Amino acid sequence: MIWIDLEHKLPTDTNIPGWVPWTPAQWDAWKARSKQLVGYLADLEKSGYRKERNELIDYYSDHWGALKPWLLALSSGKCWFSEVRELYSHYDVEHFRPKKEAKALNTQIRDGYWWLAFDYMNLRACGNVGNRKKGGWFPLKDGSLCSSFSEPCEEAETRYLLDPIDDEDVALLAFDEEGKAIAVPDASDWDKERVKETVTRLKLNEHPPLTDERRKIWQKVERLIADYQMAKARCALGGNPVAKAKLSQVRASVREMTAPTAELSAVARWCLLLRNDAQLSRLVG
């Protein structure tokens with residue numbers, strides 16, 4: 001999972017690599033259309049036409065789809081949840097809070113967050129391997145507040161699903177040498193439960209190509225660590241230009257693999273950080 005600072009990003013930004021920025025007029029028009037569409041949905045909901053409301057959401061899917069290239073540019077073309085480009089199948093624009101219906105842990109269904117269907121802050125870039133399984137899954141902890149159109153309180157919901165735009169959520173996810181996504185070692189029982197449910201519902205461990213690639217990344221970093229330690233030991237014996245050159249080469253490779261633009265950079269970072277070595281940790285890009 002990669003953290004995306006969506007709160008401080010807009011399609012009008014001129015500093016997003018790979019993105020041709022929209023003009024302020026284009027962005028204002030998109031937001032105005034969103035507001036108009038939500039108004040239509042509200043009218044249908046008020047009249048009890050829920051089926052027609054949901055059909056309208058589907059009919060105007062091109063509206064949120066227009067933001068797909070921008071969402072992907074924000075992550076350097078990576079899925080926000082799996083952090084890969086091709087191994088998680090093609091990309092969907094995923095609604096973090098489901099737009100039609102929301103499923104609890106016990107599979108009970110409540111109405112979805114239809115008023116967020118055209119809200120860009122509710123959109124995520126996700127490979128369809130995970131998005132297809134997630135569907136309308138969005139359970140809340142027992143006793144949690146539940147947002148509604150008349151009383152919106154999304155920020156107060158105690159949700160299970162980890163969110164890529166929440167840096168604290170992203171920090172809860174770690175990885176092991178087998179390529180599995182796991183909770184960080186010091187996670188609370190509640191956070192472990194959140195990680196478990198998120199990993200299950202998004203197939204973050206059930207998709208063999210993804211776990212295989214994570215394992216390869218882990219093994220590559222381990223080899224770099226071994227090279228680094230060997231070269232460092234040789235440098236300690238005195239001037240050794242070959243060993244010093246090797247150290248520089250390893251540093252560059254590690255920084256490349258842990259850079260935010262690299263695929264599975266979080267896996268590479270965890271392989272380094274779990275060594276609990278201050279010098280190795282400083283190599284993280």
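The values are calculated or read from the model by the stated rules, or taken from the named source; none is laboratory data. Everything quoted here is computed from the prediction, not taken from an experiment. Glycine also receives a Cβ, built like all others from the backbone with ideal geometry; neighbour counts cover every protein chain displayed. Surface accessibility is based on the protein's heavy atoms, side chains included, excluding ligands, DNA and RNA. Shrake-Rupley method; radii C 1.70, N 1.55, O 1.52, S 1.80 Å.
If you go through the stretch 108-147 and pick out every residue that is aliphatic (A, V, I, L, M), in a strand (DSSP E or B) and farther than 22 Å from Leu10 by Cα, you end up with 2. State whether the residues of the stretch 153-166 include one that is modelled with pLDDT of 95 or more, open to solvent by less than 60 Å² (accessible area, probe 1.4 Å) and within 18 Å of Val267 (Cβ to Cβ). Yes; the residues of the stretch 153-166 include at least one that is modelled with pLDDT of 95 or more, open to solvent by less than 60 Å² (accessible area, probe 1.4 Å) and within 18 Å of Val267 (Cβ to Cβ).
Taking the criterion of being in a helix (DSSP H, G or I), at pLDDT 90 or above, more than 16 Å from Ala226 (Cβ to Cβ) and out of contact with any strand residue (DSSP E or B) (no Cβ under 6 Å at 6 or more places or on another chain), the residues of the stretch 256-280 that qualify are Glu256, Thr258, Ser265, Ala266, Arg269.
Given the criteria farther than 28 Å from Ser144 by Cβ, assigned to a loop (DSSP other than H, G, I, E, B) and modelled with pLDDT of 90 or more, does Thr211 qualify? Judged against the criteria, Thr211 is not a match.
For the stretch 53-82, give me the residue count where each residue is hydrophobic (A, V, I, L, M, F, W, C), assigned to a loop (DSSP other than H, G, I, E, B) and in contact (Cβ under 8 Å) with a residue 40 or more places away in the chain. Of the residues in that region, 4 qualify. Of the residues making up the stretch 184-200, those that are among the hydrophobic types (A, V, I, L, M, F, W, C) and either buried (at least 20 other Cβ atoms within 10 Å of the Cβ) or assigned to a helix (DSSP H, G or I) (or both) are Trp190, Val195, Val199. With respect to Leu224, is the statement that it is touching a Phe, Trp or Tyr at 6+ places or on another chain (Cβ under 8 Å) and aliphatic (A, V, I, L, M) true? When the stated conditions are applied, Leu224 does not pass them. For first residues located in the stretch 1-17 and more than 22 Å from Asp169 (Cα to Cα) and open to solvent by less than 30 Å² (accessible area, probe 1.4 Å), partners that are part of a loop (DSSP other than H, G, I, E, B) and of a type in the set (Phe, Trp, Tyr) and lie 6+ apart or on another chain with Cβ distances below 9 Å form the pairs Pro11/Trp19; Pro11/Trp22. Suppose the filter is over 27 Å from Asp212 (Cβ atoms), assigned to a helix (DSSP H, G or I) and either in contact with a strand residue (DSSP E or B) (Cβ under 8 Å, 6 or more places away or on another chain) or of a type in the set (A, V, I, L, M, F, W, C) (or both); does Leu105 pass it? Taking the combined requirement at face value, the residue does not satisfy it. Checked against (1) in contact with a Ser or Thr (Cβ under 8 Å, 6 or more places away or on another chain); (2) crowded, with 19+ Cβ neighbours inside 10 Å, Asn128 passes all but a single condition, namely (2).
Any residue that is buried (at least 21 other Cβ atoms within 10 Å of the Cβ) and closer than 25 Å to Ala73 by Cα - is there at least one of those in the stretch 236-254? Yes, the stretch 236-254 has at least one match. Here is a check on your reading of the model: is Glu222 acidic (Asp, Glu), more than 30 Å from Gly135 (Cα to Cα) and open to solvent by 60 Å² or more (accessible area, probe 1.4 Å)? Against the criterion (acidic (Asp, Glu), more than 30 Å from Gly135 (Cα to Cα) and open to solvent by 60 Å² or more (accessible area, probe 1.4 Å)), Glu222 qualifies.
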